[in-house]
Structures are given as structure tokens and as C-alpha cells.
Amino acid sequence: MTNTSHEVAKGPHHESGAAPSALSAHSIVKRFPGVLANDSVDFDVLPGEVHTLLGENGAGKSTLAAMLCGLYQPDSGYITRNGERIALSSPRAGLQHGIAMVHQHFRLVERFTVAENVILGSRDLSFRLNRSELENRVSAVAESYGLPIEPGATVGDLSVGQRQRVEIVKALYQGAEILLLDEPTAVLVPAEVEKLFENVHAMTQAGKSIVFISHKLGEVVEISDRVTVLRNGRVTGHVSGRGTTDTKELARLMVGRDIELTTQRASHATGHEVLQIRDLSLNVGGVSVLSDISFNVHAGEMVGIAGVAGNGQRELADTIAGLLSPTSGSVAITGSMSTDRGPIHARELGLAYVPEDRLGMGLVPSMSILDNLLLTRDRHIVVDRASVQPEAVRLIDQFEIKANGPEHIARKLSGGNAQKVLLARELSGGRSATKLLVVCSPTRGLDVGAIETVRALLDDARSAGQAILLISEDLDEVMSLSDRILVLYRGSIVHETPGESAQLATVGAAMAGLSTEGNA
Amino acid sequence: MRSPIRIVFEQRNETPKYLSTLVPLISVIAALVAGGLFLLATGYSPIDTYSNMLSDGFTSSRGITDTLGLSTVLICTGISAAFAFQMNLYNIGGEGQLYLGMIGGAWAGLALGDRLPSFVMIPTVLLLGSLAGAVWILIPAYVRSRLGTSEIVTTLLLTYVAASLVDHFVYSPGSFFVTKNSAFPQGRLVPDSASLTAFGDTSLYPTFFLVALLALVLYWVVKRTEFGYRIQVIADSPRAAHYAGINANRTTLSVMLISGALSGLGGAALIVGPFGRLDPGITLLGYGYAGIVIAALARNNFSAIIVSGILFAGLRSGGDKLQISTDTPIHIGVMLQGAILLFALGGEAFRRYRIHAVRAERAAQ
């Protein structure tokens with residue numbers, strides 16, 4: 001905390017001789033109950049520049065962005081636009097100053113067309129809308145920045161990358177000069193990320209300023225002109241220069257210590273087949289969600305399922321866990337059929353399941369850690385909490401869960417600690433010793449420190465001979481951890497490759513459906 | 001531009017313990033103050049009215065025994081409502097289940113006649129009343145657990161059917177529940193073996209202690225047993241229940257049936273206690289609906305329901321007696337009940353949020 005480096009380029013006004021910054025924040029302080037979210041933060045962005053806000057979850061970058069666009073007001077400090085002090089009392093005021101935010105969760109009306117979404121909220125519309133004229137205007141704005149969109153298309157039919165483009169066009173249409181992009185790559189496949197970066201370049205060429213918010217080091221280095229690193233609400237470093245930045249240094253500024261994120265993929269001697277899936281198909285409401293899936297997972301092996309969200313991952317995990325009954329095909333755990341026999345039977349065979357939705361599915365939010373440990377275990381008619389108490393204390397200690405004790409309510413845990421409670425329960429076995437672990441997006445939304453711990457835990461479980469099925473939308477994670485990678489696309493396995501020789505481009509293409517360059 | 005001062009509701013991360021007792025207390029006081037203003041405006045002395053109510057409802061020996069007697073049935077309907085509410089099942093038909101409990105209890109008492117001893121008769125009457133209450137909620141419970149049909153609508157509408165059923169059994173000629181050839185529309189009294197004796201000269205029956213004990217047992221069941229654990233999981237997160245292999249349908253069915261049985265027990269307690277007969281006047285008293293308010297006031301905490309049930313009974317019996325002892329209209333008691341509920345629910349905002357005023361445009365100052 002103390003001597004963290006400002007060594008690279010100190011202070012925001014390093015080009016004080018040049019034109020005034022397009023937007024700057026001066027000594028911004030923002031408090032929330034019990035949290036100092038921003039502690040006298042300085043930040044600025046120049047015209048035609050990409051300035052990244054880098055930090056872990058909870059570092060305060062979204063809070064700062066929210067104040068830059070008028071969503072929140074700072075407790076103290078002020079914001080200037082082209083050197084002049086401005087007050088942003090609402091996002092609309094921000095927009096009047098040419099500042100717009102593209103949120104991580106899109107705010108589009110799915111049933112409206114692209115053009116209708118873009119003009120939504122504009123105040124200069126006549127009562128009667130002239131559809132074709134509007135579409136032309138929207139197209140013109142989009143094309144001037146090299147953002148190809150189909151103004152007449154219904155948003156509900158568009159891919160995630162295309163929807164994001166609609167959001168960006170909407171901001172530009174509303175006259176934004178400064179765009180705040182909140183974790184824009186979180187939802188995109190690699191090809192779409194590339195496309196987005198091209199668009200960002202086109203916009204900066206046209207003199208727009210981009211505030212890029214991210215916690216992914218690789219892309220930050222690729223896209224940014226300058227980087228400001230936040231940790232615990234404070235600026236821990238300003239780093240400048242595209243491509244020259246050292247990711248290790250950035251990681252250290254972000255976390256406050258050296259970290260190791262690339263796990264060693266030891267060549268494991270894998271054992272017998274723990275999970276066998278044969279010709280598994282699942283229809284939900286007449287729609288095929290999974291079709292003809294067959295694969296095995298061996299003891300001591302980690303199989304990764306890569307894919308863009310919504311291609312059947314959740315259903316696959318739920319089917320293995322006995323929560324869904326397949327339309328046809330079978331699931332066997334440690335050689336015994338578990339199809340159609342429910343979650344408790346699957347657990348008796350040695351299944352452990354860490355669902356994607358931690359709080360609300362894996363954990364009961366209003367219950368204590370202790371009660372949550374009981375969720376997947378055999379409870380007596382009168383629940384004997386006293387006998388589980390020592391184990392709860394031990395697990396909290398062993399998994400380094402930051403909590404006041406076994407009575408700590410799950411809802412009040414941080415994301416990383418909630419995930420550790422879930423992993424602690426699932427890895428420690430309940431109805432029988434854990435032989436198969438199904439984990440979905442185990443590190444989503446966690447900060448770098450917690451990601452490191454969770455991955456190490458998975459690695460230990462694999463070394464201990466457990467079979468692991470890792471289902472994640474984070475391609476880097478699947479690529480760096482898995483012994484074998486399967487790509488799920490529209491409910492089918494379209495690609496299989498050993499983890500070590502997996503190529504990002506090939507796996508990425510398979511995730512996007514192989515031949516989709518045209519509309520990626 | 002906007003006004004310079006804004007009231008901000010900031011959600012609390014944690015509710016301080018003292019607020020959980022302080023807020024209900026202040027709510028009651030605020031309701032009394034509001035009621036006092038109303039009394040002043042209508043030309044009555046709030047001091048006199050309240051001291052009369054306090055004495056008639058709580059502090060005189062007659063008053064407190066009447067209150068505890070009345071609270072017996074109110075605690076029953078209160079725990080009935082709370083038992084369902086805690087799992088987000090809104091059984092608001094406790095009123096109808098109470099009528100059925102009365103019908104079932106009266107039937108048991110009359111059908112078995114004087115042949116059996118009291119220690120068999122009393123439990124039988126209470127059991128049959130509970131069973132009748134459970135039967136009355138069977139259809140809502142079944143369609144809720146299987147088809148997801150709103151139990152709010154079904155339980156409420158069945159209350160009107162239950163009221164008609166009471167009328168039918170009392171007013172139709174030759175009914176089993178009334179004396180033959182009597183023109184007087186009133187149920188006949190159950191035999192002595194099916195009646196409890198009140199303590200001394202009071203209207204307090206031993207059923208009060210049974211019901212209070214039952215509330216404590218339910219508290220234990222929810223906190224300590226596997227069944228209670230399931231209820232808590234399903235209430236908070238049905239998806240977690242599904243994940244853990246907890247059968248939510250079966251638990252929904254059981255919880256609703258138990259809720260119905262508890263209201264039914266309240267009806268049967270009236271048979272062995274003060275009423276002794278199927279009395280059509282029950283449909284005017286609203287004991288079942290009061291249970292909803294009592295449960296809400298106690299925030300579904302079973303031990304707190306004993307307190308809120310007694311409080312409500314006191315307000316009610318104290319209010320009823322006002323008309324006799326003074327010329328204050330009887331409705332003042334009803335009005336105070338309503339005021340307490342409103343203030344208590346409004347007070348929730350103070351428990352959940354921190355409320356403070358800020359200057360709107362601090363950044364621009």
C-alpha cells in the first residue's frame with residue numbers, strides 16, 4: 001500500500017503544455033456506507049485517446065466512471081470538461097456535455113429495431129416518426145465511424161457483439177465525444193473483441209475520447225494509450241504507452257503484490273472414467289438445447305467446455321448434476337447410471353457441483369456459512385448444527401474464507417469468499433467423497449487474488465485424482481487450465497483439442513460457429 | 001433546476017439490533033398519538049379514552065383475563081398466517097379455515113355425544129377442527145404446489161364459501177347442528193364432556209396455554225429441524241432448493257396444510273372454550289383476518305406473535321368495552337388497530353434504510 005510505484009509517468013497532467021484534456025476528474029472522493037469507493041482520485045482523458053481504468057472488482061473504477069457520466073455525484077472534488085468545471089447531476093446532463101457510457105449490461109429494447117433503439121431517448125423527434133429517414137440518419141452516423149449496422153434489424157435477433165455496436169452507435173448518435181466503455185469485452189468472443197478494437201481505433205481517429213474499463217491485462221496493453229490503475233479506491237499508478245507496458249507490473253499495481261496466474265499444466269497420469277456421457281440430447285419446450293453429446297472425464301483430468309454463453313453449458317451441467325432429465329442419452333458417474341435419478345442420487349455417486357449462479361443456487365443468501373454447508377449434506381430430522389460447527393471452523397480456516405465465523409451470512413460475503421465457501425462445501429464431500437467436480441464459471445466476477453486461489457484449489461483437486469469438468473465462458477481460463485478442451489456451440493460439441501496444443505484462433509472460431517466471419 | 005435539498009433513502013447493510021425493538025415500539029406510540037389527535041378532533045379526551053382502554057384491556061384483572069381469552073384464537077390465526085407467509089405462501093383464507101374448524105369441532109362434539117370422557121373428547125374436538133381447517137385449504141394447496149395457481153385468490157374466495165357453509169348449517173331446517181324444531185337460528189351446545197371450564201369467573205380457558213406452547217414449538221420446528229431448514233431454503237431461494245434436491249412441491253403442500261390446520265384449531269378452540277356451539281356470529285368477528293395483521297406485526301416470528309396477539313386482543317376487548325363504560329364510539333379500537341398496523345409497516349422503512357437529507361448539487365457548490 002505504501003511505496004507502490006508511480007515510477008512510470010506520474011500525475012495526470014503529464015502533457016500539461018498540450019491542449020486541455022477532454023474530461024478530467026480532480027481529487028474525487030466518493031463514500032458508500034462503510035466503503036471509501038474513491039479516495040481523491042485524479043483522472044483525465046485527452047481528445048483522440050484511449051485511457052484505461054484498470055482495477056480489480058471493487059477497486060472503484062465503475063464508481064469513478066459512474067461519476068464521470070453523471071450517474072453518481074462525488075462527495076468532494078470536481079470534474080472539468082475542456083478545462084471548464086461542470087456539474088453532472090444526471091446521465092442526461094452528462095450527455096449534454098458529450099459524455100456517454102456503454103454499460104456492460106446492454107440497455108436495449110429487444111423488440112425494437114436498431115434504429116428505434118438508437119433514437120430512443122432523443123428529445124428532438126417529431127410526433128410521427130419517419131422510419132426510413134431515421135434509419136438513414138442512424139446508418140450515416142454508424143458508417144462514418146466504420147461501424148456497420150443494419151438499422152432495420154430487430155435487436156432481439158442480433159448477436160452480443162452487434163448489440164454492443166448498437167449501444168456505441170446510440171452514444172455517438174446522441175453526440176457523445178467521450179465514451180465510457182464498461183468491461184466491453186466481457187461478453188464477446190475473440191473475433192468480436194478484434195472488431196470492437198477496430199471500432200475503437202476508428203473513433204479515436206475521429207477525435208473521440210475513450211475511457212476503457214477493464215480488469216483484463218492482455219487487452220488493456222493492446223488497446224490503451226494510457227492506463228490508470230486503481231486499487232481500494234486509490235490510484236496506484238499511471239502507466240503510459242501502448243504495447244510497451246509490462247503486464248506483470250500492471251498486475252502488481254492492481255493487486256499490490258506479485259501474482260502468478262498461469263497455472264502449470266502438469267502431465268497427469270489420468271485414471272479410469274469417472275463421468276461417461278453417451279448420446280445426450282435435451283429438448284426444452286420443443287427446442288433442442290443439447291444434441292448428441294458424448295464424452296468422458298477421467299480421474300485426475302480436467303476437461304474444459306468452452307463456448308459463448310447460452311450454447312447449452314448450463315443445461316449440460318444441470319443434466320449431469322441430475323437437475324434436468326435428458327430427452328435421450330445417458331449420464332453415468334463412477335460407472336453407475338445417474339440419468340433421471342435426481343441430484344441426491346448423483347451426489348451419492350460422488351458428484352459435486354459448483355453452479356454458475358453462486359448466491360441463489362449454490363448458496364442460500366440469507367443463511368449462514370454453517371447452514372449453507374448443510375445444504376448438500378445429509379441432515380437429521382433435528383438439524384445437528386453443533387456437530388458441523390468444528391468442520392465449518394476448519395473449512396473457513398483451510399480455504400482462507402474472510403468471515404466472522406460460521407454464523408456469517410452468505411449474502412454478506414464478497415464474491416470471492418462466497419465462491420470459496422461453495423468450493424469448500426463441494427470439495428470436502430457431503431453424501432460421499434467427491435469424485436467428480438462440475439464447475440461453472442468458477443472465477444467470474446472475482447478479483448485477481450481470488451481467481452488465483454480458486455484456480456489453485458481446482459488444480460489441487462485434480463492432483464488429488466478428482467475428475468473435473470470446467471465449464472466457463474472465459475476462454476483464457478479454459479485454455480490455461482484444461483487438459484482437454486471441448487467447444488460447445490448451439491448444443492453440440494463442434495471441436496475437441498488437447499489443452500496443451502490448443503490454438504486461440506481455432507478454439508475462438510469454433511466458439512463462433514466456424515464460418516461466421518461475416519456477422520461476428 | 002431541482003430543489004436544493006433531497007431526501008435520500010440509503011439501504012442499510014445491516015439492521016442494528018436495537019432498531020428491531022425500537023421501531024415497533026415507536027410505531028405503537030406514534031399510532032397512539034395519531035389516534036389521540038383524532039380523538040381530540042372529534043371531541044373526546046385522549047387521556048381518558050386511553051386510560052379506560054388500558055384498564056379494560058390490560059391492567060384490570062377482568063380486562064387482562066378477557067384479553068388473554070380472546071388472544072387464544074388470535075394467536076392461532078396469527079401463527080397460521082405466519083407459517084405460510086414465512087415461505088412466501090400467502091394464505092389469507094385463515095378466516096374460512098377458522099369457520100371450518102368450528103364446524104368440524106362442533107360436529108365432533110355433537111356426534112360423539114356424552115359417551116366419551118373429557119380427556120378423549122377435548123383432543124378429538126380440537127383434532128377434528130384442525131383437520132377440517134386443513135381440508136379447507138387442501139384444494140388451494142394442491143393447485144398451488146402442482147400448477148402454481150395463486151393461493152391468495154383461492155384461499156380468499158373459499159372464505160366466502162366457508163361463510164355460506166356456516167349459514168347453511170345454522171339456518172337450514174333440520175340441520176344436524178341446531179336443536180330440532182327450534183326456530184331460533186343458533187347451533188346447539190356441545191355436551192359438557194367437550195367443553196373446558198374457564199379459570200374461575202374469567203373467560204380465560206386452558207387452550208390459551210396450549211396455543212402459546214404451540215407457537216413456541218413452531219418456533220423450534222422452524223429454527224431447528226430438517227423441515228424448518230427446507231422451509232428456509234425454499235423461502236429464500238427456490239433454485240437453491242432445486243439444486244440441493246429439496247422437493248419444493250411437497251413442502252409447499254405440507255406448509256399450507258399445516259397453516260390451514262392451525263386456523264382450524266382456532267375455530268375448534270372456540271368450541272371447547274367460550275362459544276360451545278356453531279355460532280353464525282363468527283362471520284362478523286374477523287378473527288381470521290386479524291391473524292394476517294398479527295403475523296405481519298410480529299414479522300412472522302412465532303414467539304413475537306404471542307405478544308402481538310395479546311396486544312391486539314387487548315386493543316380489541318378494551319375498545320369494545322369503551323362503548324359500555326363511556327360514550328366513546330366502539331370504532332376507536334378498530335381505528336387504533338389500523339393505525340398501529342400502518343405505522344408498523346411504515347416503520348419498516350426506518351429499519352431497512354438510513355434516511356437523510358443532502359444537497360442535490362454538491363459538486364457544483
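Details
- A viscosity of 0.890 mPa s and a temperature of 25 °C, combined with the Kirkwood radius over Cα pairs in Stokes-Einstein, give a translational diffusion coefficient for the range A:463-506 of 218 µm²/s.
- Listed residue pairs exceeding 22 Å between alpha carbons, taken from A:K30/B:K17; A:K195/A:K216; A:K30/A:K61; A:K208/A:K248; A:K248/A:K402: A:K30/B:K17; A:K208/A:K248; A:K248/A:K402
- Solvent accessible area, Å² - B:E10, 1.4 Å probe, full protein context: 50
- Prolate/oblate/rounded call for the range A:273-519, Cα gyration tensor, a/c under 1.5 rounded: prolate
- Cα gyration tensor, chain B - rounded (a/c under 1.5), prolate or oblate: oblate
- Charge tally around A:Q389: other residues with Cβ under 12 Å, Lys/Arg +1 each, Asp/Glu -1 each, net -2.
- Order by protection proxy (mean Cβ within 10 Å, highest first), peptides A:309-317, A:404-412: A:309-317, A:404-412
- All other residues whose Cβ lies under 15 angstrom from that of A:F112 are scored, Lys and Arg at +1 and Asp and Glu at -1, for a net of -1.
- Per-peptide packing, taken as the mean over residues of other Cβ atoms within 10 Å, places B:26-32, A:155-161 in the sequence B:26-32, A:155-161 from highest down.
- In a reduced charge model with +1 at each Lys and Arg Cβ and -1 at each Asp and Glu Cβ, the range B:71-327 shows a dipole moment near 620 debye about its Cα centre.
- Chain A: calculated mean residue ellipticity at 222 nm from DSSP helix runs of at least 4, using -39500 (n - 2.57): -9000 deg cm²/dmol
- Loop trypsin sites (Lys or Arg not before Pro), the range A:113-152, which have at most 13 other Cβ atoms in a 10 Å radius of their Cβ (DSSP): A:R123, A:R128
- Looking at the range A:108-164, the GluC sites (Glu not before Pro) that sit in a DSSP loop and have at most 14 other Cβ atoms within 10 Å of their own Cβ are A:E110.
- Those trypsin sites (Lys or Arg not before Pro) in the range A:73-114 that DSSP places in a loop and that have at most 13 other beta carbons within 10 Å: A:R107, A:R111
- Close amide H contacts of A:S40 (hydrogens built in the peptide plane, cut-off under 5 Å, sequence separation of 5 or more or a different chain): A:V29, A:K30.
- For the peptides B:47-53, B:71-77, B:98-104, the ranking by mean Cβ contacts within 10 Å, running from highest to lowest, is B:98-104, B:71-77, B:47-53.
- Averaged over the residues of peptide A:382-388, the number of Cβ atoms from other protein chains lying within 10 Å of each residue's Cβ is 3.
- Other residues lying with their Cβ under 11 Å from the Cβ of A:V138 contribute a combined charge of -2, Lys and Arg counting +1, Asp and Glu -1.
- For the segment B:243-250, counting C-beta atoms of other chains within 10 Å of every residue's C-beta and taking the mean gives 5.
- Going by accessible surface with a 1.4 Å probe and the largest first, A:S132, B:S80 read A:S132, B:S80.
The values are calculated or read from the model by the stated rules, or taken from the named source; none is laboratory data. Since the structure is predicted, the reported quantities are computational estimates derived from the model, not experimental observations. All Cβ positions, glycine included, derive from the backbone under ideal geometry; neighbour counts span all protein chains shown. Each accessible area value is taken on the protein alone, full model and side chains, heavy atoms only, with ligands, DNA and RNA left out. Shrake-Rupley method; radii C 1.70, N 1.55, O 1.52, S 1.80 Å.
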